[in-house]
Amino acid sequence: MGPPFDPSSIPPFSVIRLPYRFGNDPPVSKLFVVLGHKLNGRRDWYAICIKATSNAAAYADQRKRRGCVHYPARSLECFPLETFIEIDNQFPISHADIRRAHQDGQFESHDLPDDFETRLHEAIQASITLSPREKQRLLELLT
């Protein structure tokens, strides 16, 4: 048996799938893109993620669509449906939750193409839903 899984080993711009609890609802398996890892004030590590969605109706407005990274269905193994990476839908996911999903066999990870970072920067700049301050904070996180 090897060393325990270390969530901080997940590189930026990886797609992860794991159960996530939205409010009081039961956990649902969802896709997220890891932007980086941070330590909070309590000395707990978490992954800073943005959510992926297959809800194309949310991006019918072309101005809003420019503020996300879009992948057609089946263009990547991890996206069997048309998928939008929602830069304005951010989630901190604790390393403890990632580790637990991994131990339970409910975690998967995929690499995004090399051009994802460039496309992400373009989406941040084009976003009509992020304030200038939020755009700056995201861009700083990526450097």
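Worth pointing out:
- When restricted to residues that are more than 15 Å from L31 (Cβ to Cβ) and either out of contact with any Leu (no Cβ under 9 Å at 6 or more places or on another chain) or of a type in the set (D, E, K, R) (or both), the range 59-87 contains 9.
- Hits in the range 88-103 (condition: touching a Leu at 6+ places or on another chain (Cβ under 6 Å) and among the small types (G, A, S)): A101
- Test for R99: is it out of contact with any strand residue (DSSP E or B) (no Cβ under 6 Å at 6 or more places or on another chain), assigned to a helix (DSSP H, G or I), touching a residue at least 24 places away in the same chain (Cβ under 8 Å) and open to solvent by 70 Å² or more (accessible area, probe 1.4 Å): yes
- Which listed residue, of Q125, Q106, Q136, Q90, is within 25 Å of P27 (Cα to Cα) and open to solvent by 70 Å² or more (accessible area, probe 1.4 Å): Q106
- Residues of the range 57-85 classified as open to solvent by 30 Å² or more (accessible area, probe 1.4 Å) and either in a loop (DSSP other than H, G, I, E, B) or out of contact with any helix residue (DSSP H, G or I) (no Cβ under 9 Å at 6 or more places or on another chain) (or both), total: 14
- Whenever a residue of the range 73-90 is more than 13 Å from N55 (Cα to Cα), its partners that are open to solvent by 40 Å² or more (accessible area, probe 1.4 Å) and acidic (D, E), lying with C-beta atoms within less than 8 angstrom and at least six residues away or across chains, give the pairs C78/E108; D88/E134.
The values are calculated or read from the model by the stated rules, or taken from the named source; none is laboratory data. Everything quoted here is computed from the prediction, not taken from an experiment. Glycine also receives a Cβ, built like all others from the backbone with ideal geometry; neighbour counts cover every protein chain displayed. Calculation scope for accessible area: heavy atoms of the full protein, side chains included, ligands and nucleic acids excluded. Shrake-Rupley method; radii C 1.70, N 1.55, O 1.52, S 1.80 Å.
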